[in-house]
Amino acid sequence: MDNIINIAVDGPAGSGKSTVAKIIAKKLNITYLDTGSMYRAFTYYALNNDVKANDKEGINDLLDSIDLVLDKENVFVNDKDVTKEIRFENIDKNVSDYAAIKEVREKMVNIQRKISKGKSVIMDGRDIGSVVLPNAEFKFYLDASSKERAKRRYLQNIEIGKEVPYEDILKDIEIRDELDKTREVDPLVICEDAVVVDTSDMNIDDVVEFIINKVSR
């Protein structure tokens, strides 16, 4: 694209944000940033160093020592490729606790803004339109029922040989929704200027086409 544009894609876990954003980035030839992977990477780093989310001093030490690099779809923490590890179930269960920490969010938001400066980007997360890119030209909020999102996550797990009962996934998603929407720092909200897209009865191609049509007008 000739002009610099910012596209913010927000929504709850399992709404298809990352998959959709990756495809759109390739189709429009713009930079994609998976902000969720950054919080997952920090969670991985904290758990590996036995630092709990309520250990403020320990968290600050980790923030000073972490070297977080996103290289296309790969994530590196202090030169170690953790792309696979950050998708493990223990990260799923703990990421909301670490992502709710004010100092963690401040550091990640600063990195995200630096990456997006002066270039066309599409970012997905939970506070992109409200906090990271409040002046984004295009904002979308992808949503779906918790049962549908749990079903998608269950099928994704099956594809990669990860066996987690559907009921457990549904419970985790509902818990995470509550945590994301009620946390004190940068909660998940629907921006007034965002286009809400209910993806419950849409496939990935439908959502991609819908967003690209809006952006291309």
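The values are calculated or read from the model by the stated rules, or taken from the named source; none is laboratory data. All values reported here derive from a predicted model rather than from experimental measurement. With ideal geometry, Cβ positions are generated from the backbone for all residues, glycine too; neighbour counts draw on all protein chains shown. Ligands, DNA and RNA are stripped out before the accessible areas are found, and what is left, the full protein with its side chains, is counted by its heavy atoms. Shrake-Rupley method; radii C 1.70, N 1.55, O 1.52, S 1.80 Å.
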Handout entry: Efficiency of FRET between Asn48 and Glu192 - r from beta-carbon atoms, R0 45 angstrom, step 0.05
Key = 0.70
Exercise for the section: Using a Förster distance of 41 angstrom, determine the FRET efficiency expected from the C-beta separation of Glu174 and Ile4, and round it to 0.05. Expected result: 0.60
Practice task
Order the peptides 131-137, 118-124 from the highest to the lowest mean number of other Cβ atoms within 10 Å of their residues.
Solution key: 118-124, 131-137
Handout entry: Gyration tensor (Cα) of the range 117-217, equivalent ellipsoid semi-axes in angstrom
Key = 26, 18, 12
Handout entry: Spin-label model distance (nm) - Arg113 vs Val69, 7 Å beyond Cα toward Cβ
Key = 2.5 nm
Completion exercise
Note on the chain: C-alpha Rg/Rh, Kirkwood Rh, two decimals, gives 0.94
Fill in the blank from the handout: With bins of 5 Å, the percent of all Cα-Cα pairs of the range 50-125 per bin from 0 is 3, 12, 20, 27, 25, 10, 3, 1
Practice task
Report, to the nearest whole %, how much of the accessible area of the range 121-217 belongs to carbon and sulfur atoms, 1.4 Å probe, protein only.
Solution key: 48 percent
Completion exercise
Given a 1.4 Å probe, the accessible area of the range 154-217 per residue, as a whole number of Å², is 68 Å²
Exercise for the section: Using just the helices of the chain, give the 222 nm mean residue ellipticity in deg cm²/dmol: DSSP H runs with n ≥ 4 each add -39,500 (n - 2.57), and the total is spread over all residues, rounded to 500. Expected result: -15500 deg cm²/dmol
Completion exercise
Regression test value, accessible area per residue of the range 1-97, probe 1.4 Å, units Å², expected 51 Å²
Handout entry: Label-point gap, in nm, between Ile158 and Ile204 - each point 7 angstrom along Cα→Cβ
Key = 1.6 nm
